[in-house]
Amino acid sequence: MQPYIISLLNNQRDAVLEQWKKELELVRTNNYLTSISDDVYENMNQEFMRFIISQVTTEQEEAKGHLSSFAEKYIQAGWPLSYFTQGLQAFRRVLLAFLSESESDVQALLSTFSDLEEWIDGIINQLVHDYTGNWEDIIEMQKLSLLELSAPLIPVIEDVTVMPLIGTIDTARAKLIMENLLEGVIEHRSQVVLIDITGVPVVDTMVAHHIIQASEAVRLVGATCILVGIRPEIAQTIVNLGIDLSKFPTKSTLKKGIETALELTNKKMIDL
Amino acid sequence: MKTQSCVEVKNEWGIVAARQAGRSLSKEIGFGSVDQARITTAISELSRNIYLYAKRGEICLEVVEKPSKIGVKKGLRIIAQDQGPGIPDIRQVMVDGFTTSGGMGAGLPGVKRLMDEFTIDSEAGEGTVIKATKWLR
Amino acid sequence: MRIPILKLHQYLLISIQVELDDQTALQFQEDLLNKIHNEGSLGVVIDLTSVDMIDSFIAKVLGDVVDMSSLMGAKVVLTGIQPAVAITLIDMGIKLDDVQTALDLEQGLTKLQQELEG
């Protein structure tokens, strides 16, 4: 960091901070942060400004470490990234204004400014990097937990297995479900599989397509698929979308499905 | 890292050899049984096309990598190339059920669905290059 | 290379254990039809448990075998199609719509018996 900036910050710190604070207030209105109480916002500004000023005088490597822990703290707190990026841009504007007042030599001004630019860009880049890294982690984790939701296969009686589907079905999940389903059919030697879609909120053409494909694959490995748990609104959407499920046995409830499955496997329930 | 191995396809045995190479390479990379079957089937389709339409050509297999959040993602790329008559209308061959050989017409559109990435480059009289990649999940 | 075809009463049993190349597949088609003709078989079970790949060509040969056999009065059941193979066929858009299937050889035979004996 150029000694010039350090001395500027030392000599005129209050004036710079005063100006920067005004700019930060503007950032607040652009950022949906208006719902945050004045006190909290004020504290945040103080903290942010103190931190940036402290970065100026710290060794580069050490400063990097500080920045990471600073970022982590506010990522956890859910503070928006744009507050920091816009805040830093404001800081740069303020400093430039001060520099151009006190420095008349254009060449010197430019070189100081490019140093300043590089420094602030470095901080912004690192903040963006930390924030996006965190987002990617979250997305990755949510993907994994969604996959863990994936359908279990429950053998209910000999030759008959039930697979309850819960939640939205996307392509990745559909593929996994299909693999589980087929492996399970072989493992349990099931002749009939009941796919229960009671817990599937929406059945659009894509979901229907996945279900049709799954039941066709089940037929190829040598078992029969019955689709159960078709709620009235699902029946309506299926017909309105023109999806042809006529080739597959369907039943409104799991209970009726099990009755059909018993028939297919030559079994009967009797009261004792 | 880029290792490539090629199998010449000029008769039916070339088809078998190509898919055996694909089967062992996909197993080595760590693909599950379903993806192994997808890759082997795709190779079978592509090599049969070479044999049927271009008489001879080659199937090359390579291990490819791309950066991802969890480090490096591995994949397998099939490159099917020949100096045959080429494909006059690519859009037409990508339609399900279109066939000039009396087959099922599931070949090329099928390969596209089996794999994650699929490109086709063909010029009439010059030959055809088809690249198809499957990424490890 | 030839795929062995076993006779059991009025049925024919085939278990495909080799890597199917085109020639073997076509040879099998011919052999099976001849055997049906000679033995007057009523049912055929083709077990595919050891087959780890079915491409569109082999699928077509199998589908044709089923249609041809049924023309000659023999019902065909395919058994033991592996999950990976089933998924690949579905991905390819090959449905084998008019083909009967069963989990394994035993269930395949049971299915044939049920259909033939009512």
Tally the residues that are modelled with pLDDT of 90 or more and either within 15 Å of the chain's Cα centre (by Cα) or under 22 Å from residue B:137 (Cβ atoms) (or both), restricting the search to the range B:67-94.
-> 9
Can you tell me which residue within the range B:1-59, out of those that are more than 7 Å from chain C (Cβ to nearest Cβ) and among the hydroxyl-bearing types (Ser, Thr, Tyr), is surrounded by the most Cβ atoms within 10 Å (Cβ to Cβ)?
-> B:47
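Residues are listed down the side, and each one gets a yes or a no for (1) of a type outside the set (A, V, I, L, M); (2) assigned to a strand (DSSP E or B); (3) touching a Lys or Arg at 6+ places or on another chain (Cβ under 6 Å):
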residue: A:195; (1), (2), (3): no, yes, no
residue: A:201; (1), (2), (3): yes, no, no
residue: A:214; (1), (2), (3): no, no, no
residue: A:218; (1), (2), (3): no, no, no
residue: A:235; (1), (2), (3): no, no, no
residue: A:245; (1), (2), (3): no, no, no
residue: A:258; (1), (2), (3): no, no, no
residue: A:263; (1), (2), (3): yes, no, no
residue: A:269; (1), (2), (3): no, no, no
Quick one: which residue in C:66, C:51 is within 14 Å of chain A (Cβ to nearest Cβ) and farther than 23 Å from residue B:35 by Cα?
-> C:66
Counting only residues that are at pLDDT below 90, in contact with a strand residue (DSSP E or B) (Cβ under 8 Å, 6 or more places away or on another chain) and over 25 Å from residue C:80 (Cβ atoms), how many does the range A:232-257 have?
-> 2
All but one of (1) assigned to a helix (DSSP H, G or I); (2) surrounded by 14 or more Cβ atoms within 10 Å (Cβ to Cβ) hold for residue A:62, so report the exception by its number.
-> (2)
Give the residue, chosen from C:104, C:91, C:97, that is acidic (Asp, Glu) and either modelled with pLDDT of 95 or more or closer than 24 Å to residue B:52 by Cβ (or both).
-> C:91
Answer with yes or no whether residue A:173 is away from chain C (no Cβ under 12 Å), farther than 19 Å from residue A:238 by Cβ, without any contact (Cβ under 8 Å) to a residue 60 or more places away in the chain and part of a helix (DSSP H, G or I).
-> yes
When you look at residue A:208, is it hydrophobic (A, V, I, L, M, F, W, C), touching a Leu at 6+ places or on another chain (Cβ under 8 Å), outside any strand (DSSP E or B) and closer than 24 Å to residue A:158 by Cβ, yes or no?
-> no
Of all residues in the range B:31-77, which are in a helix (DSSP H, G or I) and touching a strand residue (DSSP E or B) at 6+ places or on another chain (Cβ under 7 Å)?
-> B:35, B:38, B:39, B:42, B:43, B:46, B:47, B:50, B:51, B:54
What number of residues in the range B:1-30 are outside any helix (DSSP H, G or I), over 16 Å from the mean Cα position of the chain (by Cα) and farther than 20 Å from residue C:57 by Cβ?
-> 4
So residue C:88 fits all but one of (1) facing chain A (nearest Cβ under 10 Å); (2) out of contact with any Asp or Glu (no Cβ under 8 Å at 6 or more places or on another chain); (3) surrounded by fewer than 23 Cβ atoms within 10 Å (Cβ to Cβ); what number is the exception?
-> (3)
For the subset of the range A:182-218 comprising residues that are under 18 Å from residue C:96 (Cα atoms) and touching a strand residue (DSSP E or B) at 6+ places or on another chain (Cβ under 6 Å), which member is farthest from the other protein chains (Cβ to nearest Cβ)?
-> A:215
Filter the range B:104-135 for residues that are in a loop (DSSP other than H, G, I, E, B) and surrounded by 18 or more Cβ atoms within 10 Å (Cβ to Cβ); the one that is modelled with the highest pLDDT is B:115
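The values are calculated or read from the model by the stated rules, or taken from the named source; none is laboratory data. All of these numbers come straight from a predicted model, not from anything done at the bench. With ideal geometry, Cβ positions are generated from the backbone for all residues, glycine too; neighbour counts draw on all protein chains shown.
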